[in-house]
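Structure first, then comments.
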Amino acid sequence: MTSDALAQHIGEVTLIDQHVHGCWSAAGDLRRFENALNEANTEPIVGSGFDSQLGFAVRAHCGPVLGLPKHVDPQSYWEHRSRLSETELARTFLPAAGVSDWLVDTGIAADTASLARMAELSGGRAHEVVRLEEVAEQAARTPGDYAAAFDDILQRRAASAVGTKSILAYRGGFEGDLSEPSAGQVAEAAGRWRDDGGIRLRDRVLLRFGLHRALRLGKPLQFHVGLGDRDCDLHKTNPLLLLDFLRRSGDTPIVLLHCYPYEREAGYLAQAFNNVYVDGGLSVNQLGARAPAFVARLLELAPFGKILYSSDGFGPAELHFLGAALWRKAIHRVLGDFVADDDWSERDAIRVVDLIAHDNAAGLYGV
Amino acid sequence: MTSDALAQHIGEVTLIDQHVHGCWSAAGDLRRFENALNEANTEPIVGSGFDSQLGFAVRAHCGPVLGLPKHVDPQSYWEHRSRLSETELARTFLPAAGVSDWLVDTGIAADTASLARMAELSGGRAHEVVRLEEVAEQAARTPGDYAAAFDDILQRRAASAVGTKSILAYRGGFEGDLSEPSAGQVAEAAGRWRDDGGIRLRDRVLLRFGLHRALRLGKPLQFHVGLGDRDCDLHKTNPLLLLDFLRRSGDTPIVLLHCYPYEREAGYLAQAFNNVYVDGGLSVNQLGARAPAFVARLLELAPFGKILYSSDGFGPAELHFLGAALWRKAIHRVLGDFVADDDWSERDAIRVVDLIAHDNAAGLYGV
Amino acid sequence: MTSDALAQHIGEVTLIDQHVHGCWSAAGDLRRFENALNEANTEPIVGSGFDSQLGFAVRAHCGPVLGLPKHVDPQSYWEHRSRLSETELARTFLPAAGVSDWLVDTGIAADTASLARMAELSGGRAHEVVRLEEVAEQAARTPGDYAAAFDDILQRRAASAVGTKSILAYRGGFEGDLSEPSAGQVAEAAGRWRDDGGIRLRDRVLLRFGLHRALRLGKPLQFHVGLGDRDCDLHKTNPLLLLDFLRRSGDTPIVLLHCYPYEREAGYLAQAFNNVYVDGGLSVNQLGARAPAFVARLLELAPFGKILYSSDGFGPAELHFLGAALWRKAIHRVLGDFVADDDWSERDAIRVVDLIAHDNAAGLYGV
C-alpha cells in the first residue's frame, strides 16, 4: 500500500451523516442564501456572506460540482445557482456527498425536505432523530398528565427513530443541576408552562425530565454542544458542564455534536466515559480551509471508536455535500501527515477512516 | 499570478496599526528593556527577558534592521541598541513597519511619544483613541455633576479622536451585569468614588456608565480582551462574558483587542454580531515564531471583513515594527498554505490581505 | 551546524523526568494494560484500549524496542509483552528513555516500583516528590495536634525529597478561597476529619493548610493541572483559577503539571510569575501523533527557562520510555520548523532543548 491508497480510500469511502437537517424545499433570494452561510448571527448580515471560510469553501468545492470554475466569483456562483431549483440542486449535491444514510433531526420548523424526500433526492436512506424539546411541546399541547403524554409521544415517535436530540444548549445551557426531577416537580412545572402557553420550553425541570426520559429510552442521545447561533450563551455550552450528568447517565450513548471551540474537552469526555461519542459536524463546514486543524484536534483524546462524521447540513444543499468534501480533505491531510511521519501505518489510517466514516455510526445507531 | 505575487503583495502592503501606544521618549537601562518584552509579569523579571518567543523574534527580525546579523546574541543586540537614542531607534523602526496610520491609545501615563511625535517619527499619520477610564478619572476631578462632566470631556476629546477604548478587563473583568445604570446610581457611585479620592476607577456602576456613553457616542469602542498583565483575572476576560452587553450594543462598532487565548471565541462573536470586530495585536508579538498558528485561528469563524491589524506596540520602538514584520510573515504562511492547497485562490488571498491590512480599518475608523 | 545537528542533539540529550511514578512490579492481564492506556476513564473500558493515539504510539515506538516491527498489531504486541516480566520490561524500557534522574511522586498507593527500585531498574538516579495529601492523611492518623504532626512529617519526609505535590485538582479543584487558614480553623477541621475517619482528604481548610505549609517549606511545589481521570471536574482545574494563590505564593517555585487543555493558560502564568513553571507530561503520551501540536503550544508564552520535561509514566514501563520518545520527536518537529523557517537559529534551538531536557529541572530541584 502506498499513500495513494489512503487518498483513494478517503475519496471513495461511503459516509453515514449522523446529524443533518433537511435541505430547502422552495426557492429563495440571495439574502436567504448568504445568511445561511453564517451560523452565529441571528440578524440579517451586513456585508457579503461569501466573505468567510464557509463562503470561500462553497466557491472552491461546490462551484465545480455545478460545472463552474473553482473559486468562481460570488456573483457568478449566485447567478448560476439561482437558475436552478432547490430540487435540482439537491439532486446534484446530495448524491455527490457519498452518503449512504442521513440521520435527520426533524425538530426545526422550516420549509425543508422531509425524511422521505431526503432519501429520494439523495438516493440514500433517511432515519429520524427526535428532538426532545419538540416532544415536550407536543406533550404540552396534549390534554391530561404531562409526563404520561411525553412518554407516550416519545415512545411512539422513537419507535421508528434511531435516536433523540437535546438543544438544552439553547435553553439555558449546561450549568446547574441536571438530575432527574420528581413526578411532583414535573407536574407542577408542566402546569406552570401550560398556563404560560406551552411554547418554547425553557423550564429547567421539564428540560431535565426530557433528558432522563431519553436516557431511559436507551437510544443514542445527541446534544448540541458549542457553536450555534448567538441565542445560546456559548460559555454555558462547554461540555465539561455536563460532567455530573454524564457520571449518572448509565449506558445510553451520548453524542456531543459540533463542539467548537470545545472539541478538545469533548474528546476528553469521549475518553472518560464508555458511553460518550464526539462529532465535529457544522464546525467543519464553518471552518473551510481551517477544517484540518479542527479535525486534528478531534483526534487527540477521543478513542477512535468514539468519533463520528456529520455535516449538520441545513438549508442549502451545498452544505450537505460540503461537509463531506471538507471532511474528506481534512482527514486526508491529518492522517496523511501521521502516515508520512511514520507515526501511524497507512493500514491503521484506513481503518480509522472507516471507523469515523461509517463503522462507528453503524454500530451506534444500528443502521 | 503566481504565489510570488502573494508574497510580494504581503511584503509591500501598507498597514493601518489600529491599536498602538507611544514609543519610549527617553533612554533606559537593560532591565527596562527586558521587562518590556514580558507582558504578563508586573515584577522585575528574573532571568533573561530575551529567553522567550518575543526575545528571539527581536533578535531575528529587529537585529537586521539595525545592521546586525539575524539571530544576533542578546548582549550584542543590547550593546548596539544602547548606543542609539530612543529617537534614533524610532526613526529607524517606525518607518520600517510600513504603517500609514497609527491609532494611538493615549491612556497610559508613561514617558512615551505623543500623537504628533509618533506621526513625525514615523512619517505617517497618528489618530487618537480615548480611554474611557481616563475620561472617568478626569470627570472625577471636575467639580459638579459627574455624568455631565464625563459627557462634556468625552465629547470634547472624542471630537478629534477616531474611537474609544475600555480596560474593563483590568477593572474586575467582564463577568456580571453590564447594563446601563440609572442617573441616580451614577450620581451615588460618583460621590462615593470622589470621596475615596477618585483614582483608579474600579466601581462597576461607573465603568458600566462609561461603556454605555461610548455606545451612544457611536465611534468604534475597543475592548482589551485576554492577554495582559497579571493584574487582570485572565479567565474573567473571556469575551463570551460580553455576550449580554453585545446583544444590546446596537450599531456602535465593538473591537476586541489581543484576544489570546480566546481568539476562537472572539472570532465567533465577530460572526455573531454585525458590529463586532477582532484584532490580534500584542499576541502576534508575544508569540513570535508561533504567530502563524494564532493568526490562522483568527481566520476561523470571523468574517474577513471583521478582522483588523495592530501591533499594540508600547515602549521599545522594536515592537511597533515587529508587530508588522511578524504579521506579514504569519499571514503569508497561513494564506500561502491555503493557496498551495488550492483551498483559496491567490486572488482571494490578496484581497483578504488588503482587508485586514487596511481596508477594514479604513472603513471602520474613517482614516 | 546543519539541521542534522539539532536532530542528533535531540536524539542524544539526557533528560530529567521531573514527574513520574513507579512502573508496575507484578504481572497483570490485558485488561489492566489496556486500562492503563486510558487516563480519563475510571471504569473498565469497553473496546480496545489500543484504539487511541496512545495505543497507536505504543505500537509505533515501543514495539521496535521489544524487537517487534513498527506498528505491530495489538494482539502480537500484547502476546510478546505478556511473555516478559514487568522487571524485564522495565530493564528494557527505562534505560531506553535516556533519563538521568527520575523525580518520583510516591503518593499513589499501588503495586509499583519504589524509588530505589526505579534507580536500579533504569540505571539512573531517583528522587522523591512528597504528596501533600498523603502527608495530611499520615497526620490524621498521628495522635496529638494535627498541624504539629503535619509539620513534623513534612519536615522529616521532605528532608530527603526534592519537592512536594498537590492533587487539589482531584479534591474539589481550584475554585474558591485558597488563602492560609488560621490555626483555630485547622484544629477544628482536623478534628472533624479525624472523627470522620481521616481518609481521602477533601476538607478545603486542610487542603489550603497543606499548600501553605509547602510554600513555607520552599521546595518546588507541583500541582496536578488539567487532564486526569474523570473524578476531577476538568473545568475546575483551569490553572487561571490559581491566580490569587499565585499572587501570594512568594518565591517558592510552583510547577504546573500536564496542563491539557489549559497549556496556553499555563504558559501565560509562567510568564506572569517569576516562580511559576510548566510541564506537559502525561499529555504528550496521551496525544501520541498529535504531541507536536501540544508541545508547540507550550512554547508560546512561557519563557524558555520555565518549561520542564516529564513523562508522568505510571504502571507500564512503556510509558516511561514513550514520554521521552514522543517528546524528542515533538520538540524536533517544532524547533526544526522554527529553524527551517529561519525564525530561530539552530544554535538557539539546541540551547532551548537543553533547557527543557535538563537544565531548567537541574537548577530548580538541585539534582
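Could you grab me the full set of residues in segment C:204-229 that are away from every other protein chain (no Cβ under 14 Å), more than 21 Å from C:Ile307 (Cα to Cα) and open to solvent by 20 Å² or more (accessible area, probe 1.4 Å)?
Of everything in segment C:204-229, those that are away from every other protein chain (no Cβ under 14 Å), more than 21 Å from C:Ile307 (Cα to Cα) and open to solvent by 20 Å² or more (accessible area, probe 1.4 Å) turn out to be C:Arg204, C:Val205, C:Arg208, C:His212, C:Arg213, C:Arg216, C:Leu217.
Against the condition in contact with a strand residue (DSSP E or B) (Cβ under 9 Å, 6 or more places away or on another chain) and within 29 Å of B:Ala340 (Cα to Cα), how does A:Ala36 come out, does it pass? Working first, answer last.
Values: in contact with a strand residue (DSSP E or B) (Cβ under 9 Å, 6 or more places away or on another chain): yes; within 29 Å of B:Ala340 (Cα to Cα): yes.
Yes, satisfied.
What do you reckon, is B:Ala302 assigned to a loop (DSSP other than H, G, I, E, B) and either facing chain A (nearest Cβ under 10 Å) or open to solvent by 10 Å² or more (accessible area, probe 1.4 Å) (or both)? Talk me through it step by step, then tell me what you get.
Working: assigned to a loop (DSSP other than H, G, I, E, B): yes; either facing chain A (nearest Cβ under 10 Å) or open to solvent by 10 Å² or more (accessible area, probe 1.4 Å) (or both): yes.
Yes.
Select from segment B:324-350 the residues that are in contact with a Leu (Cβ under 8 Å, 6 or more places away or on another chain) and within 12 Å of chain A (Cβ to nearest Cβ) and list them in ascending order.
Those that are in contact with a Leu (Cβ under 8 Å, 6 or more places away or on another chain) and within 12 Å of chain A (Cβ to nearest Cβ): B:Val334, B:Leu335, B:Gly336, B:Val339, B:Trp344, B:Glu346, B:Ala349.
Only one of C:Glu128, C:Glu79, C:Glu120, C:Glu133 is assigned by the TED database to the domain that holds C:Gly11 and either without any contact (Cβ under 8 Å) to a residue 24 or more places away in the chain or aromatic (Phe, Trp, Tyr) (or both); which?
On the way: C:Glu128 fails: either without any contact (Cβ under 8 Å) to a residue 24 or more places away in the chain or aromatic (Phe, Trp, Tyr) (or both); C:Glu79 fails: assigned by the TED database to the domain that holds C:Gly11; C:Glu133 fails: either without any contact (Cβ under 8 Å) to a residue 24 or more places away in the chain or aromatic (Phe, Trp, Tyr) (or both).
Just a single option satisfies the conditions, and that option is C:Glu120.
From the set of residues in segment A:42-54 that are in contact with a helix residue (DSSP H, G or I) (Cβ under 6 Å, 6 or more places away or on another chain) and at pLDDT 95 or above, which is nearest to the other protein chains (Cβ to nearest Cβ)?
Out of the qualifying residues, it is A:Asp51.
Would you tally the residues in segment B:322-367 being part of a helix (DSSP H, G or I) and open to solvent by less than 50 Å² (accessible area, probe 1.4 Å)?
We begin by selecting, within segment B:322-367, every residue part of a helix (DSSP H, G or I); these are B:322-340, B:346-365.
Filter once more, so that each one left must be open to solvent by less than 50 Å² (accessible area, probe 1.4 Å): B:322-328, B:330-331, B:334-336, B:338-339, B:346, B:348-350, B:352-358, B:360-362, B:364-365.
Within segment B:322-367, residues that are part of a helix (DSSP H, G or I) and open to solvent by less than 50 Å² (accessible area, probe 1.4 Å) number 30.
Is at least one residue of segment C:83-105 in contact with a Pro (Cβ under 9 Å, 6 or more places away or on another chain) and free of Cβ contacts under 8 Å to residues at least 12 places away in the same chain?
no
Since A:Leu269 meets every condition but one in (1) at pLDDT 95 or above; (2) under 21 Å from the mean Cα position of the chain (by Cα); (3) open to solvent by 20 Å² or more (accessible area, probe 1.4 Å), which condition does it not meet?
It fails just one condition, (3).
Hey, does segment A:321-330 have a residue that's among the small types (Gly, Ala, Ser), within 24 Å of C:His235 (Cα to Cα) and either modelled with pLDDT of 95 or more or in the same structural domain as A:Val104 (by the TED database) (or both)? Break it down stepwise before answering.
Pass one, segment A:321-330, residues among the small types (Gly, Ala, Ser): A:323-325, A:330.
Going one step further and asking which of them are within 24 Å of C:His235 (Cα to Cα), we end up with none.
Within segment A:321-330 (the criterion being among the small types (Gly, Ala, Ser), within 24 Å of C:His235 (Cα to Cα) and either modelled with pLDDT of 95 or more or in the same structural domain as A:Val104 (by the TED database) (or both)), the answer is no, since none of the residues qualifies.
B:Arg59 is checked against (1) open to solvent by 30 Å² or more (accessible area, probe 1.4 Å); (2) in a helix (DSSP H, G or I) and fails just one. What number does that condition carry?
Answer for B:Arg59: the failing condition is (1).
Only one of (1) within 21 Å of A:Ala5 (Cα to Cα); (2) touching a strand residue (DSSP E or B) at 6+ places or on another chain (Cβ under 8 Å) fails for A:Phe304. Which number is that?
Among (1) within 21 Å of A:Ala5 (Cα to Cα); (2) touching a strand residue (DSSP E or B) at 6+ places or on another chain (Cβ under 8 Å), the lone unmet condition for A:Phe304 is (2).
Need the failing condition index for B:Ala57 against (1) more than 14 Å from every other protein chain (Cβ to nearest Cβ); (2) under 22 Å from B:Gly228 (Cβ atoms), just the number.
B:Ala57 satisfies every listed condition except (1).
Any chance you could count how many residues in segment C:279-299 are in a loop (DSSP other than H, G, I, E, B) and within 15 Å of the chain's Cα centre (by Cα)?
First pass over segment C:279-299, keeping only residues in a loop (DSSP other than H, G, I, E, B): C:280-282, C:299.
Going one step further and asking which of them are within 15 Å of the chain's Cα centre (by Cα), we end up with C:280-282.
Residues in segment C:279-299 being in a loop (DSSP other than H, G, I, E, B) and within 15 Å of the chain's Cα centre (by Cα): 3 in total.
Based on this model, can you work out whether B:Val20 counts as among the aliphatic types (A, V, I, L, M) and over 30 Å from B:Ala349 (Cα atoms)? If you could, list the steps in order and put the result at the bottom.
Details: among the aliphatic types (A, V, I, L, M): yes; over 30 Å from B:Ala349 (Cα atoms): no.
Here the answer is no, as B:Val20 does not meet what is asked.
Is it the case, given these coordinates, that A:Ala36 is at the interface with another protein chain (Cβ under 8 Å from one of its Cβ atoms) and closer than 17 Å to A:Gly313 by Cα?
On the way: at the interface with another protein chain (Cβ under 8 Å from one of its Cβ atoms): no; closer than 17 Å to A:Gly313 by Cα: yes.
No: the conditions fail for A:Ala36.
Those residues that are more than 7 Å from every other protein chain (Cβ to nearest Cβ) and open to solvent by less than 50 Å² (accessible area, probe 1.4 Å), I need them from segment A:230-240; list them, please. Step through it out loud before you land on a result.
Going residue by residue through segment A:230-240, those that are more than 7 Å from every other protein chain (Cβ to nearest Cβ) are A:231-232, A:236-237, A:239.
Across segment A:230-240, the qualifying residues are A:Cys232, A:Thr237, A:Pro239.
Do any helices (runs of 4 or more DSSP H) lying entirely in segment B:65-155 carry at least 2 residues that are within 30 Å of B:Ala187 (Cα to Cα) and open to solvent by less than 50 Å² (accessible area, probe 1.4 Å), and which ones are they?
Numbers: elements: B:74-82, B:86-96, B:115-122, B:132-140.
Of the helices (runs of 4 or more DSSP H) lying wholly inside segment B:65-155, those with at least 2 residues that are within 30 Å of B:Ala187 (Cα to Cα) and open to solvent by less than 50 Å² (accessible area, probe 1.4 Å) span B:132-140.
Being in contact (Cβ under 8 Å) with a residue 24 or more places away in the chain, of a type outside the set (A, V, I, L, M, F, W, C) and either closer than 24 Å to B:Arg83 by Cβ or surrounded by fewer than 17 Cβ atoms within 10 Å (Cβ to Cβ) (or both) is the filter here, so list the residues in segment B:39-51 that pass it.
Within segment B:39-51, B:Thr42, B:Ser48 meet the criteria.
If I ask for residues that are within 12 Å of chain B (Cβ to nearest Cβ) and over 19 Å from B:Gln286 (Cβ atoms), which ones from segment C:250-280 would you list?
C:Gly250, C:Asp251, C:Pro253, C:Pro261, C:Asn275
Would you be able to tell me the number of residues in segment A:1-38 that are assigned to a loop (DSSP other than H, G, I, E, B) and open to solvent by less than 50 Å² (accessible area, probe 1.4 Å)?
Going residue by residue through segment A:1-38, those that are assigned to a loop (DSSP other than H, G, I, E, B) are A:1-2, A:13-14, A:21-22, A:25-29, A:37-38.
Keeping just the survivors that are open to solvent by less than 50 Å² (accessible area, probe 1.4 Å) gives A:13, A:21-22, A:26, A:28, A:37-38.
Residues meeting the conditions: 7.
Might you check whether a residue that is within 30 Å of C:Asn360 (Cβ to Cβ) and away from chain C (no Cβ under 14 Å) occurs anywhere in segment B:81-100?
So the first thing to find is which residues in segment B:81-100 are within 30 Å of C:Asn360 (Cβ to Cβ), and the list is B:81-82.
Adding the requirement that they be away from chain C (no Cβ under 14 Å) leaves B:81-82.
Taking every residue of segment B:81-100 in turn, at least one turns out to be within 30 Å of C:Asn360 (Cβ to Cβ) and away from chain C (no Cβ under 14 Å).
The values are calculated or read from the model by the stated rules, or taken from the named source; none is laboratory data. Keep in mind that what you see is a predicted model, and the values were worked out from it rather than measured. Virtual Cβ from ideal backbone geometry, glycine too; neighbours counted across all protein chains shown. Calculation scope for accessible area: heavy atoms of the full protein, side chains included, ligands and nucleic acids excluded. Shrake-Rupley method; radii C 1.70, N 1.55, O 1.52, S 1.80 Å.
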